[in-house]
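Worksheet: one structure, shown below.
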Amino acid sequence: MKNLLRELRAARGWSQAHLAELLDVSRQTVIAIENGKYDPSLPLAFSLSKLFEQPIEAIFFPDQEPV
């Protein structure tokens with residue numbers, strides 16, 4: 001799943017470590033989400049949505065549209 005997490009984080013001047021601390025996850029989790037190698041759980045997606053004050057669908061979107 002593609003996402004805008006890196007851009008949102010960078011716009012606030014936050015490091016991956018700082019974001020991980022705010023979310024109570026590991027820095028490796030943040031890296032994996034940013035790289036599209038890990039899809040966050042629904043509770044984590046809601047936490048990101050709240051933290052960045054964006055709807056989930058504004059942060060995450062599928063790699064391709066379903067057929």
Heads up, the helices (runs of 4 or more DSSP H) in the chain (entirely inside) with at least 1 residues that are touching a strand residue (DSSP E or B) at 6+ places or on another chain (Cβ under 9 Å) and of a type outside the set (Phe, Trp, Tyr) are 5-11, 27-34, 42-52, 56-59
When the stretch 7-40 is checked residue by residue, the ones that are of a type outside the set (Gly, Ala, Ser) and within 18 Å of Pro55 (Cβ to Cβ) are Glu7, Leu8, Arg9, Arg12, Leu23, Ile33, Asp39, Pro40
Expected single match for open to solvent by less than 50 Å² (accessible area, probe 1.4 Å) and without any contact (Cβ under 8 Å) to a residue 24 or more places away in the chain among Ser49, Ser15 is Ser49
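The values are calculated or read from the model by the stated rules, or taken from the named source; none is laboratory data. All of these numbers come straight from a predicted model, not from anything done at the bench. Counting neighbours? That spans all protein chains shown, and the Cβs are built from the backbone with ideal geometry, glycine included. When the accessible area is computed, the model is the full protein with side chains, heavy atoms only, and any ligands, DNA or RNA have been set aside. Shrake-Rupley method; radii C 1.70, N 1.55, O 1.52, S 1.80 Å.
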